[in-house]
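Have a look at the structure below before the remarks.
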Amino acid sequence: MNGRERILAHLRGEAIDRLPLMPITMQFAAGQIGVPYRQYAMDYRTLVAGQMRTAEKFGFDFVSCISDPAREAADCGADIVMFDNSPPAFREDKARLADKAALAELKAPDPHGGGRMTDRLRAATLFKEKAGGDKLIEGWVEGPMAESADLRGINTIMLDFYDDPSFVGELFEFVLEMELRFALAQLECGAEIIGIGDAAASLVGPQIYNEFVWPYEKRLVEGIHAAGGLARLHICGNTTKILDGMGRLGCEIVDIDYMTAMSAARERMGNQVLLGNAEPVGVVRNSTPERVSAVVGECHRAAGARYIVGAGCEIPRDTPEANLRAMSDYAMGHKP
């Protein structure tokens with residue numbers, strides 16, 4: 001049973017030989033091939049090389065097109081600051097939609113238009129050539145809350161919920177159209193599961209999440225499913241108060257960050273497949289292999305059989321290899 005077969009069988013509820021292993025790596029993967037993170041994020045060939053090296057070395061069951069949250073915003077004309085060895089930054093004082101009126105003139109970029117979105121499509125295509133049939137290929141899009149924050153500014157969009165909710169609806173509609181088009185393009189190029197990164201959704205309360213954010217996440221998931229793809233939801237941070245909604249989206253996989261108890265996620269999400277939630281820095285990076293193994297075991301026991309091994313969020317780039325190996329060894333040595 002190879003990695004792709006293992007994940008798909010697990011999602012169908014079938015018996016598998018061991019737990020699937022799907023940690024998020026970006027800066028760590030760049031480090032595995034000795035390149036600056038900027039190069040990893042900007043050149044699909046470098047990204048694919050880093051992902052392939054990491055997956056093969058540590059026994060991952062998938063490879064991912066994920067690199068950073070700025071691709072869609074960059075193609076929309078946002079002012080993005082790139083760094084050699086850190087994720088890109090958004091300049092909130094120069095947000096693309098600092099002026100709300102600019103939304104009326106903003107056109108959703110073509111994923112095939114030659115920008116950063118196209119670079120991700122090329123990654124999916126190359127993954128299909130190099131890993132298709134062996135590793136599950138994961139594409140990635142930003143969720144409605146996260147991308148709206150990228151375009152409008154995180155502090156500004158929070159005020160918009162109260163000051164101009166109709167504008168928020170218009171912005172979310174724009175984002176949904178753009179992200180669904182991007183997701184479907186990645187599926188056409190070879191991705192089989194689409195990660196939905198909606199980190200900013202953890203910063204709103206359940207009322208705003210259920211009224212504004214959830215309906216658009218749901219439509220995005222439904223659109224991915226209609227195109228024959230699978231969906232993985234990733235919301236960083238403490239999602240305890242919105243677990244019920246997250247569980248109703250119908251995603252094949254839901255990531256749980258370390259600030260949310262895995263036991264609470266299992267209690268409130270029923271039979272949902274859960275992934276996580278070892279603390280990336282305090283445990284995976286800064287502790288020992290023995291501690292990593294013990295914490296992953298705790299996550300497994302809390303989540304039960306419907307579980308995939310991974311951390312709460314990205315594996316930090318300077319994580320000791322022995323610590324990530326301990327996570328891998330746990331997956332290799334345990335069945336659901």
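We did not get these values from a lab; they are worked out from the coordinates using the rules stated. This one's a predicted model, so the numbers in the text were calculated from it and none came from an experiment. In this analysis, Cβ positions are derived from the backbone assuming ideal geometry, glycine residues included, and neighbour counts consider all displayed protein chains.
When residues in region 256-305 are screened for being under 19 Å from S328 (Cα atoms) and either β-branched (V, I, T) or touching a residue at least 60 places away in the same chain (Cβ under 8 Å) (or both), 11 of them pass.
Selection of region 26-80 for residues being in contact with a Pro (Cβ under 6 Å, 6 or more places away or on another chain) and either over 30 Å from A95 (Cβ atoms) or free of Cβ contacts under 8 Å to residues at least 24 places away in the same chain (or both) yields D61, I80. So which residues in region 72-128 are touching a helix residue (DSSP H, G or I) at 6+ places or on another chain (Cβ under 8 Å), assigned to a helix (DSSP H, G or I) and more than 15 Å from V141 (Cα to Cα)? Scanning region 72-128 gives E92, K100, L103, T125, L126, F127, K128.
Would you check which residues across region 23-55 are assigned to a helix (DSSP H, G or I), of a type outside the set (A, V, I, L, M) and more than 25 Å from D257 (Cα to Cα) and list them? Result: R38, Q39, Y44, R45, T46, R53. Within region 198-253, the set of residues being part of a loop (DSSP other than H, G, I, E, B), of a type in the set (D, E, K, R) and in contact (Cβ under 8 Å) with a residue 40 or more places away in the chain comprises D198, E252.
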